[in-house]
Each structure stands twice: as structure tokens, then as C-alpha cells.
Amino acid sequence: MAFVDKFPEEAKLVRYHFGVGFVALALGGLFGLVQALYRTGYFRDALPIDASQYYTVLTGHGVLLALVFTTFLICGFFVWAVTRSLDRPLAHQRVAWAGFLSMLVGTALAALTILNGFAPELPFGSADVLYTFYAPLQAHPAFYVGAALLVVGSWVVGAEYFLTYRQWRADNPDERIPLQTFMVLATFVMWYLSSLGVAVEVVAFLIPWSLGWISQVDPLLTRTLFWYFGHPVVYFWLLPAYLAWYTILPKLAGGKLFSDPLARIVFVLFVLLSTPVGFHHQYTDPGVAEGFKFIAMTNTFMLLLPSLLTAFTVVASLEHGARQRGGTGYFGWLRALPWGNPAFSAMALAGLVFAAGGFSGMINAGMNINYLIHNTIWVPGHFHLTVGTAFALTMMGVSYWLVPQITGKQLQHKTIAAVQPFVWVIGMTLMSNAMHRGGLAGLPRRTAKPLFRGEGAAPFDPVVGSISEMQLQIAVGGTLLFVALAMFLVVMTGTWLSRSGVGQLSVNGTIPAPLSGPADSPRILDNLKVWTAIAVVLVIIAYGLPLYSMLADGILGPGSGGFPV
């Protein structure tokens, strides 16, 4: 029985979340194309923006994709995961709908404020503060209210997962938590803990500041509260991709998950280590003691462990599936995988690209070598491999598999869907490669023009090559990414609008039991109260004293009056 037939209200909720997410993806992706062509100088004169509006485009691209698209897709995907794995409807559907509406209103407010940057003469203010919204850049209050409603709405939707789990636990007191539900709950434990920072920043400081209720705020404090959230949000994006790689991808490969216990260990490690790492974004900030930066660096490198465990577990699961399909040899089994299935190829390629993103992330994490690439185009080159591919391409693969289940319709335009993941990866490889090389050459980020060694210069560096060649590679890669995005949206729109009830729905939504099940691991892994308490202690160690000193300075010392943009 299709998911939409068994759980019609939950399927509707997932569809609404995905629908809003796809709209944000389309608009944010268009901004990304404009950004790539304008900054690299290709068709700049033909684009209907000027240098100041470039920052409107940049803000819209970051907020719509990194916050709106991700949050809606995650919340919708998790509704499916909890409902499916617990095999019961949501306990209080109105709670989930209330959270969705809060997110929707918040998105509308923030998006309207950002888009108003194209018409600054209108009275509704603007918000060209980029994705990293901290002082001294100041947005219109509606932007901050919208951001708060988006985060609070996700909290409300997340509460419904816990309420449904509590209801299931009352009926199944001795059962182990189903793996997908465990992953969802662990992700939201981390999300509640980490997003508290941005909530405090926005509600306690930025909204009153933008309304004129307080005259100044401490930029270091708001920057720290943002990055307290700003790096853990990466794992909020990543863990849903892990859920798909651990539970859906092995099934699509024709096999089973290699180890349920290893998957639970990985998510416990992310609960513990995701939040006390934000200071590695502030290595150049003089107001943070070096010892706390070192703690953040150590915690960041420790997060390599769950990623390496994931690489082992997922690859072992894929090999098992490939050999079940007749694959042989040390590497010959790779040819037996279903690369023509867009759901499989999108997720598998996303995992492969994420491995490259992990290596560049180690450069970002190291205190000494980070100074080489800090605030260069290397950084967006890195996170386009993580949120831009590990999450985005995985969710595209999930959509190819899940949208037929939540609509009851056959996937349309299958040839376009089969090609789309490969076009995305080619475009991302070109663009990200050039961004990493440009970062090594000192090419800055967040500028409307390259501003490298003089206006209009095209120097050659013997290590990284020609700057003009990098700019061309970024433009071509960004264009291919937009083409791949358009292909995905054509498939989704065609599927959504197609006639229902024609033919048999070919998607089997069942998930096979793992080779090593939950009984092979200690029950303590399921005790999220214990892991949450330990995570709180680690956060206090990493952030307690620095935040205390910043709060004292922010209340008693000088601050910023802000620069409205």
C-alpha cells in the first residue's frame, strides 16, 4: 500500500513541506545563476542588477537555500520517516500544521524583506545582510521576525515527532526505537540545542535593536551566538542525508544496511559533538581566547569519526547490495549498482561529493592553515559540496523515490531524471574546484567583483593557474548547476501535475531489516536523555566562560549602532 493511501493526512503534510521547499529551491537557484554570472563578469551588463543589488541576490541565494529549502525539506522528510518507521499516524496533526504555518509566515516575511532590496524606494525596508545575519549589518525588523518564526516553526514540527514517539513508546514499552525514528529524534535534539543560539541572538538582540528599542549591540556577541548555531546547522542539513544513505540507499542498491548499531553510534556522536564547534569560524576574532578556539578545533576534528564510520557502513551496504545483484571482483561490483535509477544515483553521487567536501572541511577546521583560506572563495567552494550537494542532491534523490509515494503518481520524465544527477555533479565539480583554487590564490568571497590584484587583472599563479580561467570555470559550473536544477523541477512538476490512478505505482516503500539489527547494540544508545545531558555539559565547557564575558561586555561596554542595509 502506498504511503499516501495508508497515511493520507501525513502525505499531505509532506507534500506541502516539499512544495514550499521546491519554490525556495527554484528562486534561490535562479539567484545562484545570476550571482555566478555577475561576479565572474560574464553577461554582467545584460543582467538586470547593479553592484548593490548583487548583495540582495547573494542574501536571497543563501537564506532561501541554506535555511528555507533545507528546513522545509527536512521537516517534511522527517514526517514521512517517523510515520513510516513507527507505522502509525502523527499523534497531533494540528501541532505539525501549526509549525508548518509558522515556518511559512516566517519565510514570507523574510523573503519579502530580501526581495525589497530590488526596490529600495518602497517603505518596507530591506535585508541585504547575507546568510550570516549578525551585527553590525542591520536588516528590517520583519526579516528577523521571519527568521524567528521559521526556527520556532521547525521546533513545533519537531515536537510532534517526540509526541508521536511518546505515544508509540506507551504502546511498546520494551521495544527498541526504530532506526529512522531514532535518527529523527537525535537530529532534533541537536537542532533544539544548537538553534537556541540564533533564537537568542534574534529575539533578545537583533529584533529590539532593529526596532530601535535598544541603541546598540555587541557585534562579537551576536557573531558568536550566530556561529554557535551556524556550524551545527551544517549537521542539521547533513543528518537527514545520512538517514537516507543509511536506510533508503541500501534498499535501492538491492541489499540491506550493514549495521544498525553503527548508525546509532554515529547519530549519538553528532548529538554530543555538533554544537561546541562554532568558534572555528572565529579564529580571526581577537575577542575569543585561543584556548576556546582550540577546544572548538578539537571537537571539529573529532567529528571526522562519525563521518568515517558512515563511509564504511554505507559503502559496505552498497557492496552487499551490488553482490546480491551479481556484482563481482574487488571493484567490479560497482558496475552492478543501479546507476540508471535517479533516486540511487543522486544519493550515491551526493555521498561521493561529500567525501571531497570533508577533506576541504579539514582545512577550514585547522587553526593554523585556516588563516590561508579564511574569507576567501574557498569557503563557499567547500559548503557547496556539503549543503549544495550532500544535502541538496540527496534530497533530490529522495524526492525521486518519495514524491510518487506521497502523491500516488508515477514519476514522470524518467530520462531527464536519470541524467540530472550527473549534470549536477559535473557542474558542481567545475564550480567548486575553481572556487577552491581561487581561494588558494586569495580570491575573496562576498564581493560583487573579484577585486583580485587590481581591477580587471587576470594574473597567473604557478600553483593554482589563471584567475580568468577560474572565473570561466565558475560561470560554466554555475550554469550547469542551474540546468540540472531546472531538470529536477521539470520532473517534479510533471509528476505533481500528472494524472493519478494511471498504471501501477512502481515504488516499493518498504525498508528491509539490516544485516546487524538493534539487538546487537546496548540499549543505552537509545537513551537520548543521557546523551542530551552530556551534550549540554560539553556546550557549557566550550561556550560558558566566553559567552559570560561577552554578555558582561555587551551590557556594560561599547557596542554598535548598526548599518542598515
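The values are calculated or read from the model by the stated rules, or taken from the named source; none is laboratory data. Computed from a predicted structure; not experimentally measured. All Cβ positions, glycine included, derive from the backbone under ideal geometry; neighbour counts span all protein chains shown.
Below is a table of values for the structure above.
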| item | result |
| --- | --- |
| Near pairs, Cβ below 6 angstrom, 6+ apart or cross-chain, from the range 276-287 (over 12 Å from Trp227 (Cα atoms)) to any residue that is outside any loop (DSSP other than H, G, I, E, B) | Gly287/Leu220 |
| Among the candidates Thr429, Thr328, residue that is surrounded by fewer than 18 Cβ atoms within 10 Å (Cβ to Cβ), without any contact (Cβ under 8 Å) to a residue 12 or more places away in the chain and over 19 Å from Lys251 (Cβ atoms) | Thr328 |
| One residue from Leu193, Leu211, Leu243, Leu206 being farther than 23 Å from Val536 by Cα and surrounded by fewer than 24 Cβ atoms within 10 Å (Cβ to Cβ) | Leu211 |
| Number of positions in the range 331-345 that are of a type outside the set (Gly, Ala, Ser), out of contact with any Gly (no Cβ under 8 Å at 6 or more places or on another chain) and in contact (Cβ under 8 Å) with a residue 60 or more places away in the chain | 1 |
| Residue in the range 513-522 that is at pLDDT 90 or above and more than 23 Å from Leu252 (Cα to Cα) present | yes |
| So Tyr228, is it in contact with a Gly (Cβ under 6 Å, 6 or more places away or on another chain) and either in a helix (DSSP H, G or I) or touching a residue at least 60 places away in the same chain (Cβ under 8 Å) (or both) | yes |
| Hey, Thr187 part of a helix (DSSP H, G or I), in contact (Cβ under 8 Å) with a residue 60 or more places away in the chain, among the polar types (S, T, N, Q) and surrounded by 17 or more Cβ atoms within 10 Å (Cβ to Cβ) or not | yes |
| Flag for Val277 being β-branched (Val, Ile, Thr), under 25 Å from Val398 (Cα atoms) and within 20 Å of the chain's Cα centre (by Cα) | no |
| Failed item in (1) in contact (Cβ under 8 Å) with a residue 24 or more places away in the chain; (2) surrounded by fewer than 23 Cβ atoms within 10 Å (Cβ to Cβ), with Arg169 passing the rest | (1) |
| Those residues of the range 359-379 which are in a helix (DSSP H, G or I) and crowded, with 18+ Cβ neighbours inside 10 Å, in sequence order | Ser360, Gly361, Asn364, Ala365, Asn370, Ile373, Trp378, Val379 |
| Filter result for the condition that a residue is without any contact (Cβ under 8 Å) to a residue 60 or more places away in the chain, buried (at least 22 other Cβ atoms within 10 Å of the Cβ) and out of contact with any Gly (no Cβ under 7 Å at 6 or more places or on another chain), over Val23, Val63, Val57 | Val57 |
| Failed item in (1) out of contact with any Pro (no Cβ under 9 Å at 6 or more places or on another chain); (2) touching a residue at least 60 places away in the same chain (Cβ under 8 Å), with His384 passing the rest | (2) |
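Yes/no matrix, rows are residues, columns are (1) over 30 Å from Pro342 (Cα atoms); (2) without any contact (Cβ under 8 Å) to a residue 12 or more places away in the chain:
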{"residue": "Trp213", "(1), (2)": "yes, yes"}
{"residue": "Asp218", "(1), (2)": "yes, no"}
{"residue": "Thr224", "(1), (2)": "yes, no"}
{"residue": "Phe236", "(1), (2)": "no, no"}
{"residue": "Ala241", "(1), (2)": "no, no"}
{"residue": "Trp245", "(1), (2)": "no, no"}
{"residue": "Ala253", "(1), (2)": "no, no"}
